[in-house]
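Q: Handing you a structure now.
The values are calculated or read from the model by the stated rules, or taken from the named source; none is laboratory data. This is a predicted model, so every value here is computed, not measured. So basically every Cβ, Gly included, is an ideal-geometry build from the backbone, and we count neighbours across all protein chains shown. Quick note on the areas: whole protein, heavy atoms, side chains included, nothing else; ligands and nucleic acids left out. Shrake-Rupley method; radii C 1.70, N 1.55, O 1.52, S 1.80 Å.
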Amino acid sequence: VWNATATFVAGIFISYRRADSDGWAGRLRDALRVRFGDIVFQDVDNIADGEIFSDVIDRALQACDVALIIIGPTWASASDEHGRRRLDLEDDWVRTETGMVLNRKIRVIPVLVGGARLPRPDELPEELRSLTKRQAREIRSASWDSDVALLASHLQQIVGSPRRKVWLYAAPAAIAAGVLGVFLGARFFAP
C-alpha cells in the first residue's frame, strides 16, 4: 500500500507534468484505483503533509513495478519562469522520475494524452532518449473507457492481481496479530 510512512508495496507509479497533464493524470489515477486499489501512486495524494517530497518519491520509484509517464502536448517543451525548458534543468522532477525508472529497467509506458505525440530522441536529454523506443499508449477523451480498459489489462499482466498482492503482504501481519491475541488472552484471562 502506498503511503508516506509505511513500507511500499510495488505497484504503478504515475509521473506527469502538472502544467501539462494534471487533469489527465488524476482522472487516470482514479480509474486505475478502481481496478488496482492503493498500489497506484501519484504524488498529489500519496505524500503526507510534512513529509520530505524527494524521499517519498525516491522510495516509490525504487519500489514500483511499472511507471506511466503521462505526456501531454507541452510535456517536452514546458518552460520555467525564466523561459528555460524544464526538461533541460537537472532539478526538473519529470526528468528525474523518468530517468530513474528508465535506469531501473522496469516497464515504462509513455501514455499520450490531449493529442500529444511521443517526442523525438533529439528533443530529449540523453538519459531520457530510450523513452522514445518504448511502445506508447494513447488515451483519448472520445474513447476514454476503452483506452483505459486496454491499458489496465496490460498493467494487470505486469503487476498481477491486486487483491492477491495485498493479501501477500497482509496475511503475515494478520497471523502475527492473531497469535499475539491468543497469547495475551491466555495470559490475562486464564484461571
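Q: Can you give the Kirkwood hydrodynamic radius of the range 17-70 from its Cα pairs, in Å with one decimal? Numbers along the way, then the final one.
A: On the way: mean 1/r = 0.0831 Å⁻¹.
Result for the range 17-70 stands at 12.0 Å.
Q: To check my understanding: the extent here is largest minus smallest coordinate of the Cα atoms along each principal axis. What are those three numbers for the range 62-153, in Å, largest first?
A: 39, 29, 21
Q: Stretch LYS105-GLN135 to full length: gain in nm at 0.36 nm per residue minus the Cα-Cα span?
A: 9.3 nm
Q: Evaluate the distance, in nm, between pseudo-label points positioned 7 Å from the Cα of GLU127 and of ALA63 along their respective Cα→Cβ axes.
A: Calculated label separation equals 2.3 nm.
Q: Moving on to the next point. Going from the alpha-carbon gyration tensor of the range 42-93, what semi-axes, largest first and in whole Å, does one get by taking the root of 5 times each eigenvalue?
A: Numbers: eigenvalues 110, 45, 22 Å².
Semi-axes from the Cα gyration tensor: 23, 15, 10 Å.
Q: Taking a 1.4 Å probe, which of SER130, SER146 shows the most accessible area, and what order do the others take after it?
A: Values: SER130 45, SER146 70 Å².
Correct descending sequence by accessible area is SER146, SER130.
Q: Also: Relative to the present Cα-Cα distance, how much length would full extension add between ALA149 and ASP88 at 0.36 nm per residue of separation?
A: Values: separation 61, 0.36 × 61 = 21.96 nm, distance 3.40 nm.
Taking 0.36 nm per residue and subtracting the Cα distance, the gain is 18.6 nm.
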